[in-house]
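The values are calculated or read from the model by the stated rules, or taken from the named source; none is laboratory data. Here the structure is a predicted model, which means the values were calculated and not measured. Ideal geometry is used to build each Cβ from the backbone, glycine not excepted, and the neighbour counts take in all protein chains shown. Heads up: the accessible areas ignore ligands, DNA and RNA and are worked out on the full protein's heavy atoms, side chains in. Shrake-Rupley method; radii C 1.70, N 1.55, O 1.52, S 1.80 Å.
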Amino acid sequence: MINNWLRKNLKGDPILWGIVLLFSLISIAVVYSATGTLAYKSRGGNTEYFLFKHTSLIVLGLLFMWLAHRIDYRHYSRISLYALLASVPLLIFTFVMGSTLNEASRWLTIPVINQTFQPSDLAKLALITHLASMLSRRQQHVGDFKTTLLPVMLWVGVICGLIILSNASTALLLFVTCLLLMFIGRVPLKQMAVMVAIGVVVGGVGLAAGQRWKTVQSRIESFTDKSKPVPFQLEHAYIAEATGGLFGKGPGKSTERNIMPHPYSDFIYAIIIEEYGLFGGVVVLFLYLAFLYRGLKTVMNSAGAFGGLLSAGLTFSLVLQAMVNMGVAVGLGPITGLPLPLLSMGGTSLIFTGISIGIILAVSRGEREIRPMVGEPADTARIPKVALS
């Protein structure tokens, strides 16, 4: 009976479902531990406050993931353009009048529910989806500058340029994801080189005109100049990882969570290693690699270019951010401030992550792109299968 219910309601790649549910359980356990001190100080000793809040947001994210995976993914091709058009004014408004934290205006506060929201989350999802749509519709003319590459460059330049004003690391990762998507979409390397040149110019102007130039400069200098002291949060991340040993101190026994800033977000991977040891850190890394493998398997099994490109873009976006976060936590790169997707405590970002995974699951359901949908151009329905070679 349970198996029948699961087959009926949880469609798509079952292994991907299992990976996401396992990530959710790990996230609840680690965030509960990492927020203990914060809850005790800010909530009058109510150490379960953030546990219930985070758990409810994870459940909400899973609900949105379930809803997204029930929708024919071809519908997202249409929605993406409207989402992009909404993202541009939202990003501008956030930069000018958004809530400021750590000298960066990245958040809007949603009235009534008093929940913060990062328009960059919406912009990332919309750009990747629309880029996959544009490339799939023009597979026969992918090298044509005017009809294909110009609109691609305009959208990537506008969205990444607006995001970099207040969030350099997110903009850079999104730009790299777009380049990977263009490569998979068979865009000629010469055209991609032009894209990189435009990205360097737009990125430089955005950094200079935005809020993060001094922060980016200081973080790069701290990473490259070994004569400078290790940043405070990174120093305690090292201590957490060094004292974790092979199997860790045990769940809830972290000591660095009481000292390290934001142990439940940017440096949650260090807390995982401290409490669960090198073994726990490797398990988490393996889960992300398994997620990458299942996402790319969905790409290979996709019946059409849009589904393959869409799944590839969303998979790369999540896994690249995870690899950067874990790399920063162990000292392989400069501090970025990026959370660890699927594990860090978050707000509406968990919902957008859920939607992204739901779309990947929708593609993995194997819906074919042979029959045009009502109002859909015929060339979208009959396109060559995406290739990773």
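So, by mean Cβ neighbours within 10 angstrom, what's the order for 61-68, 308-315, 335-342, 222-229 with the highest one leading?
So the peptides 61-68, 308-315, 335-342, 222-229, ranked by packing, come out 308-315, 335-342, 61-68, 222-229.
Taking 0.36 nm per residue of separation and subtracting the Cα-Cα distance, what length does fully extending Ile259 through Glu48 add?
Stretched out fully, the Ile259 to Glu48 stretch lengthens by 74.0 nm.
Rounded to the nearest Å, what's the spacing between the alpha carbon centres of region 36-96 and region 211-270? Just the number, please.
26
Can you tell me the length gained on complete extension of the stretch Gln140 to Val176, counting 0.36 nm per residue apart and subtracting the Cα distance?
10.6 nm
Against the longest alpha carbon principal axis of the chain, how many degrees, from 0 to 90 and to the nearest 10, is the axis of helix 168-184 turned?
Result, in degrees: 40.
Give me the angle, in degrees from 0 to 90, between the Cα long axis of helix 232-244 and the longest principal axis of the Cα atoms of the chain, rounded to the nearest 10.
Between helix and principal axis, roughly 80 degrees.
For region 194-294, just say rounded, prolate or oblate: build the C-alpha gyration tensor, square-root its eigenvalues into a ≥ b ≥ c, call rounded for a/c under 1.5, and beyond that prolate if a/b exceeds b/c, oblate if not.
Oblate is the answer for region 194-294, as a/c is 1.5 or above yet b/c matches or exceeds a/b.
Work out the P(r) tail for the chain: percent of alpha carbon pairs separated by more than 29 Å, whole number.
That fraction is 44 percent.
Given a Förster radius of 41 Å and the C-beta distance between Ile239 and Val96 as r, what FRET efficiency does 1/(1 + (r/R0)^6) yield to the nearest 0.05?
Result of the calculation: an efficiency of 0.55.
Using a Förster distance of 35 angstrom, determine the FRET efficiency expected from the C-beta separation of Leu81 and Thr55, and round it to 0.05.
0.50
With a 1.4 Å probe and every protein chain left in place, work out the accessible area per residue of the chain in Å², rounded to a whole number.
Per-residue value: 46 Å².
Along its principal axes, what span do the Cα atoms of region 74-224 show, with the longest given first and each in whole Å?
The Cα atoms of region 74-224 stretch 46, 43, 21 Å along their principal axes.
Helix 150-163: angle to the longest alpha-carbon principal axis of the chain, degrees 0 to 90, nearest 10?
For helix 150-163, the angle is close to 20 degrees.
Which of the peptides 24-31, 174-181 is most tightly packed, and how do the rest follow, judged by the mean count of other Cβ atoms within 10 Å per residue?
For the peptides 24-31, 174-181, the packing ranking is 174-181, 24-31.
Could you check how much of the accessible area of region 74-224 is carbon and sulfur, as a whole percent, using a 1.4 Å probe?
So the carbon and sulfur contribution to the accessible surface is 70 percent.
222 nm [θ] for the chain, helices only, -39500 (n - 2.57) per DSSP H run of 4+, per residue, to 500?
-22000 deg cm²/dmol
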